[in-house]
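Visitor: One structure coming up, written as structure tokens, with questions to follow.
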Amino acid sequence: MTRLVVDRRHFLAGAAAAAMMTDTAAAQQRARVKYLTPFGYLIGFGETMYADTGGFFAKEGLDVEIEGGRGSAMSVQQVMGGNVLLSRTGGTDHIKAYAKDPSIVAIGEIFQRDIFYVISHADKPVRLAADLAGKTIGVVSPGGATENLLDMMLTSVGIPTTETQRQAVGNAPSAFELVKLGRVAAYIATSDTVFQLKSDKQPVVAWSTDDAAPCPGQVYMTSRASLDKSGDLLAKFFRGVHACLGAMIQAENNLAPVVDSMLTKYDVFEAKRPDKGIPVLKNSLQHTFAAPYRDKLRSSPTRWNAAYDLMVKTKIIAPLDKRDFYDDSVVKAAFG
């Protein structure tokens, strides 16, 4: 009788190889989806990055490839070109894109208020839309979402858009130095920038552009062709995002493992800070992600109509015969 002797190292190596083959086979069976972030790998896009590295997409049978975008124009182009299944952009950017090509459609909302804030110095505060008149205001980029919002805020209080000068300053806490130097009276940047400035004890006064120009916040968009063809994949994507949001909200007081998980695959910008961006993520969970998690990514028709009316009045877009910017069929398929 021959006795079989198994070397422990060979056994472990074989088991690891078998597990790897199983994981590879499982990945091959998942449906491939391409998603484009609006801009790189910011921690505010963690609802998809952690949905990937935390296994929430995999549980829905998806293998999601997440690419880092370079602005809303790229997001729109890649979606319309069929290079990605879906992306994310601001509500006003989506309406502008729709006005040029109605083949694009919003299918869910991940931030229910616009992400942008007007930021000024506490010693010389700009507190209201009316205070913008006659001043130089910093915007992220010329002709982009922040400049459109600036024009909409001015229009909302009857101030001609020509009465305010603009300067491109980008979207970062460092732009507050231009406010301190008096080169701009205020600048428009994201809520994460506001949070970082306040965390660094900077003397800021900040208020949401939504206070003067209500708009849909950040929306997921796809092409109508992709919606018709891949509605089931989009519903699975939404379920993965929603489950991820729930897990992050539940882990609110212990987010280090969440950030560490994202860092295994993504170069998260805020994670370069000494605090690894954990306070920024916690702030997002409390003030931006909680409502879309509660409402399961649904969007408000009232806000779409309000944004459209103000954009027409500001002459950012011409009046449209058809206004089906948003389709809730994916939300209904995902959550009932």
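Visitor: Can you give me the ranges of the helices (runs of 4 or more DSSP H) entirely in the stretch 136-237 with at least 2 residues that are open to solvent by less than 40 Å² (accessible area, probe 1.4 Å) and modelled with pLDDT of 95 or more? Walk me through how you get there before you give the answer.
Guide: On the way: elements: 145-156, 176-180, 191-199.
Output list reads 145-156, 176-180.
Visitor: Sticking with this one: Say whether the condition of being at pLDDT below 90, closer than 16 Å to ILE43 by Cα, within 17 Å of the chain's Cα centre (by Cα) and of a type in the set (A, V, I, L, M, F, W, C) is met by at least one residue in the stretch 241-261.
Guide: no
Visitor: Another one. Look at LYS229 and say whether it is free of Cβ contacts under 8 Å to residues at least 24 places away in the same chain and of a type outside the set (Asp, Glu).
Guide: Numbers: free of Cβ contacts under 8 Å to residues at least 24 places away in the same chain: yes; of a type outside the set (Asp, Glu): yes.
Answer is yes for this residue.
Visitor: Hey, another quick one. Quick one: count up the residues across the stretch 247-272 that are open to solvent by 40 Å² or more (accessible area, probe 1.4 Å) and not in a helix (DSSP H, G or I).
Guide: 6
Visitor: Using beta carbons and a limit of 7 Å, which pairs, at least six apart or on different chains, have the first residue in the stretch 310-336 and closer than 11 Å to VAL105 by Cα and the second one open to solvent by less than 70 Å² (accessible area, probe 1.4 Å) and aromatic (Phe, Trp, Tyr)?
Guide: The qualifying pairs are ARG323/TYR308; PHE325/TYR98; PHE325/TRP304; TYR326/TRP304.
The values are calculated or read from the model by the stated rules, or taken from the named source; none is laboratory data. The shown structure was predicted, so the numbers you read here are calculated from the model rather than taken from an experiment. Cβ: placed from backbone, ideal geometry, glycine included. Neighbour counts: every protein chain shown. Side chains included, ligands, DNA and RNA excluded: accessible areas come from the protein's heavy atoms. Shrake-Rupley method; radii C 1.70, N 1.55, O 1.52, S 1.80 Å.
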